[in-house]
Amino acid sequence: MNDDGFTFLPGGVRVSKSDARLDALGALDELDAALGLLKVALAGKPAAARIEALQRDLLKIGGELATGKS
């Protein structure tokens, strides 16, 4: 199946795979993964709860970026 270099965002918005939003979404995903590892390493410490809150914020930002809705 040929996608012609395009993909879809939530809501059916078709964008080029070189769209800056996809780069930003990838960066957010990588940051979230790194924070997840840090949260596990800090399990039981107060900082772990703060990291979890940051991860929730990143998820919201990613959703807004992908859908264009705030």
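The values are calculated or read from the model by the stated rules, or taken from the named source; none is laboratory data. Every value quoted in this text rests on a predicted model; they were computed, and no experiment measured them. Every residue, glycine among them, receives a Cβ derived from its backbone with ideal geometry; neighbour counts consider all protein chains shown. For the accessible areas, the whole protein counts, side chains as well, though only heavy atoms, and no ligand, DNA or RNA atoms are used. Shrake-Rupley method; radii C 1.70, N 1.55, O 1.52, S 1.80 Å.
Summing Lys and Arg as +1 and Asp and Glu as -1 over all other residues whose Cβ lies under 14 Å from the Cβ of ARG50 gives a net charge of +1.
Mind checking the per residue accessible area of the chain for me, 1.4 Å probe, whole number of Å²?
Working: 5100 Å² over 70 residues.
Counting only protein heavy atoms, the per-residue value for the chain is 73 Å².
If you take every residue apart from GLY26 with its C-beta less than 13 Å away from the C-beta of GLY26, what net charge results, scoring Lys and Arg +1 and Asp and Glu -1? Mind dumping the intermediate values first?
Details: positive: LYS17, ARG21; negative: ASP19, ASP23, ASP29, GLU30, ASP32.
Within the 13 Å Cβ shell, the charges total -3.
In terms of overall dimensions, the chain has a Cα radius of gyration and Dmax of 15.2, 48 angstrom. Give the cross-link partners of LYS45 among the lysines, using a straight C-alpha distance below 27 Å as the criterion and excluding same-chain residues fewer than 8 apart. Partners found: LYS60. Across the chain, C-alpha contacts under 8 Å between residues 6 or more apart give a mean separation that, scaled by the residue count, equals a relative contact order of 30 percent. A cut-off under 15 angstrom between Cβ atoms defines the neighbours of GLY62, and their net charge, with Lys, Arg +1 and Asp, Glu -1, is -3.
With all protein chains in place and a 1.4 Å probe, the accessible surface of the stretch 1-53 carries 61 percent carbon and sulfur. Farthest toward the positive end of the dipole of the chain, out of ALA43, GLY5, ALA24, is the Cα of ALA43, where the dipole comes from beta carbon charges about the Cα centre. Taking the chain as the reference, fit the longest principal axis to its C-alpha atoms, fit the long axis of helix 46-67 to the helix C-alpha atoms, and give the angle between the two in degrees, 0 to 90, nearest 10. Around 10 degrees separate the two axes. Our coupling estimate for the stretch 38-44, obtained by passing each phi through the Karplus curve with A = 6.51, B = -1.76, C = 1.60 and θ = phi - 60°, is 5, 4, 5, 5, 9, 3, x Hz, Gly and Pro reported as x. A helix-only calculation puts the chain at -22000 deg cm²/dmol for mean residue ellipticity at 222 nm, using -39500 (n - 2.57) for each DSSP H run of at least four residues, averaged over all residues.
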